[in-house]
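Here the structure is laid out as structure tokens; the discussion comes afterwards.
None of the figures in this text is laboratory data; all of them are computed from the coordinates on show. What you see is a predicted model; the values in this text were computed from it and never measured. Please note: Cβ atoms are built from the backbone with ideal geometry, for glycine as well, and neighbour counts cover all protein chains shown.
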Amino acid sequence: MTSTGSPRTDTRVLILASLSGGYAGANAVGQLHADYPANTYIFPCLSPCMFPEQFYIDAFHRGIDGILVMYSGSDCPYTGAPEHTAKTINKVYTRMNEEGIDTRRLKLTAICTVCTKPFLKNVNQMHTLLEEIGTVDTEIKGGIKAASGGEA
């Protein structure tokens, strides 16, 4: 809900982009001056393995409608990071199901330093999906305000 009480219609996509994979891919897209939806937020990180399950759930409760986890995995500085990230994402899917959140809102994808077409494809596919299924606040039990301590 917006501050006026009406449902939110704009969707928001968060990209967790590893510095050596997804963020480098995003940079390459920028150098091409390629367009993608403005309501896409790129968060650079060393590795997505750093984020616990609760991070994803909290992001949805705070109004992020879709999350793309982009990294190459092979050049991660943490031992076992690709496996750990995959296990975390699988646990998040379970929690999303429990809360009534469509699991298509979260996607783990491999993006490398020169993966401009895959980067754009994943971003555009997520935005197309969100246009179809709407904002996350329509799915979360009790609404977003309830999760943040306000009234639903």
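Just tell me which aspartates and glutamates come within less than 16 Å, Cα to Cα, of Lys117; anything on the same chain fewer than 8 places away is out.
Result set, ordered by chain and number: Asp35.
For the range 26-126, report the % of Cα-Cα distances exceeding 18 Å. Present the calculation step by step, with values, prior to reporting the outcome.
Details: 2476 of 5050 pairs.
Counting every Cα pair in the range 26-126, those more than 18 Å apart make up 49 percent.
Please report Ile64, Ile101 as a ranked list, fewest other C-beta atoms within 10 angstrom at the top and most at the bottom. Please list the in-between numbers first.
Values: Ile64 19, Ile101 22.
Lowest to highest Cβ neighbour count: Ile64, Ile101.
I need Leu32, Leu108, Leu16, Leu130 ordered by Cβ neighbour count within 10 Å, fewest first. Numbers along the way, then the final one.
On the way: Leu32 11, Leu108 19, Leu16 25, Leu130 22.
Going from sparsest to densest Cβ surroundings: Leu32, Leu108, Leu130, Leu16.
Hey, fewest Cβ within 10 Å first, where do His33, His127 land in order? Mind showing how you got there, number by number?
Details: His33 6, His127 18.
In increasing order of surrounding Cβ atoms, one gets His33, His127.
Using a cut-off of 14 Å between alpha-carbon atoms, which aspartates and glutamates can reach Lys87, once sequence neighbours fewer than 8 places away in the same chain are excluded?
Cα-Cα hits under 14 Å: Glu53.
Please report, in debye to the nearest 20, how large the charge dipole of the range 13-147 is about its Cα centre when each Lys and Arg carries +1 at its beta carbon and each Asp and Glu carries -1 there. Please list the in-between numbers first.
Numbers: 11 positive and 13 negative charges, 30 e Å.
My answer is approximately 140 debye.
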